[in-house]
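Novice: Here it is, the structure, as structure tokens.
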Amino acid sequence: DTAVSQTPKYLVTQMGNDKSIKCEQNLGHDTMYWYKQDSKKFLKIMFSYNNKELIINETVPNRFSPKSPDKAHLNLHINSLELGDSAVYFCASSQGASTEQFFGPGTRLTVL
Amino acid sequence: KQEVTQIPAALSVPEGENLVLNCSFTDSAIYNLQWFRQDPGKGLTSLLLIQSSQREQTSGRLNASLDKSSGRSTLYIAASQPGDSATYLCAVHSGSARQLTFGSGTQLTVLP
């Protein structure tokens, strides 16, 4: 059973397009996150949702909009994609805000 | 603002050797510290979570220690194996938002 899953695994698109990445967790956790891992492999928090409510919103362009339809899902929609958005995006979940986090396999986004 | 540093950035050892990975953080007011493993092109696997009140945590051949007052943690790997080759990431939970701040990782290669 996959604990945290993301789709798609790879996403290649043109500059200016709009795309979405989906995340689902079957761990029964109440908190979900989006992280960005840049080309230097540095991981940085983007968003955190607790019980479908936005908790953390780091300095991320407003072209990025997370959406949590329920506690098990946290999707990431990106408008007007730019070259600098190319990265690996990871979804994670935890029970509570400062407990062990479990990560998905990542989505590699390439903007051409 | 919390900053996490991992030294060395890369490490290569022969199979069977015991090794230590280092992690330091600037703000000692942490909730806990989590060690992860990342294999190339894969997601993060949680290895150990050590609470701020704990001094160490063990899982199999792995032992993590925490000295909160000095802002340091070490991950000790005993009897290393080629399958241990991966990037090891240290992350701390801190701040009012209880977010996870990552180090840049140590890339470990265990030579057969």
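Novice: Quote the charge dipole size of chain A about the Cα centre in Debye, to the nearest 20; the model charges only the Cβ of Lys and Arg (+1) and of Asp and Glu (-1).
Specialist: Approximately 280 debye in magnitude.
Novice: For the range A:1-43 and the range B:39-112, what is the separation of their Cα centres, given in Å?
Specialist: Going from one Cα centre to the other spans 22 Å.
Novice: Would you please report the Å³ per residue occupied by the convex hull of the alpha carbon atoms in the protein assembly as shown?
Specialist: It comes to 122 Å³ per residue, whole-number rounded.
Novice: Still on this structure, please answer the following. Which ordering of B:72, A:63, B:98 is given by a fewest-first count of other beta-carbon atoms within 10 Å?
Specialist: On the way: B:72 16, A:63 13, B:98 20.
By the 10 Å Cβ count, ascending, the order reads A:63, B:72, B:98.
Novice: While we're looking at this one, here's another question. Report the relative contact order of chain A, percent, no decimals, based on alpha-carbon pairs under 8 angstrom and at least 6 residues apart.
Specialist: Reported relative contact order: 37 percent.
Novice: Same structure, new question: Under the Karplus relation 6.51 cos²θ - 1.76 cosθ + 1.60, θ = phi - 60°, what is the ordered set of whole-Hz ³J(HN,Hα) values for the range A:35-48, x standing for Gly and Pro?
Specialist: 10, 10, 10, 7, 5, 8, 6, 7, 9, 9, 5, 10, 9, 9
Novice: Which of B:18, B:32, B:63 moves the most in a Gaussian network model of chain B with Cα springs under 10 Å?
Specialist: Maximum among the listed residues: B:18.
Novice: Peptide A:43-50: average number of partner chain Cβ atoms within 10 Å per residue?
Specialist: 3
Novice: While we're here: Rank B:99, B:38, B:51 by mean-square fluctuation in a GNM of chain B with C-alpha springs under 10 angstrom and give only the top-ranked residue.
Specialist: B:99
Novice: Quick one: which of A:71/B:68; A:9/B:68; A:22/B:68; A:19/A:40; A:22/A:44 span more than 30 angstrom between C-alpha atoms?
Specialist: As for pairs spanning more than 30 Å Cα to Cα, those are A:71/B:68; A:9/B:68; A:22/B:68.
Novice: Please compute, for peptide B:98-105, the average count of beta-carbon atoms on other protein chains lying within 10 Å of each residue's beta-carbon.
Specialist: Per residue, the average neighbour count from other chains is 6.
Novice: Diagonalise the Cα gyration tensor of chain B and give the resulting equivalent ellipsoid semi-axes, square root of 5 times each eigenvalue, largest first, whole Å.
Specialist: 24, 14, 12
Novice: Let me confirm one metric for peptide B:90-97, namely the mean number of other chain beta-carbon atoms within 10 Å of its residues' beta-carbons.
Specialist: 3
Novice: Further question: For a quick check, take a GNM of chain B with Cα springs below 10 Å and name the residue from B:79, B:97, B:64 with the largest mean-square fluctuation.
Specialist: Fluctuation is largest for B:97.
Since every read-out is calculated from the coordinates, none of them should be taken as a lab result. Please read these numbers as outputs of a predicted model, since none were measured by experiment. As a convention, Cβ positions derive from the backbone with ideal geometry for all residues, glycine included, and neighbour counts pool all protein chains shown.
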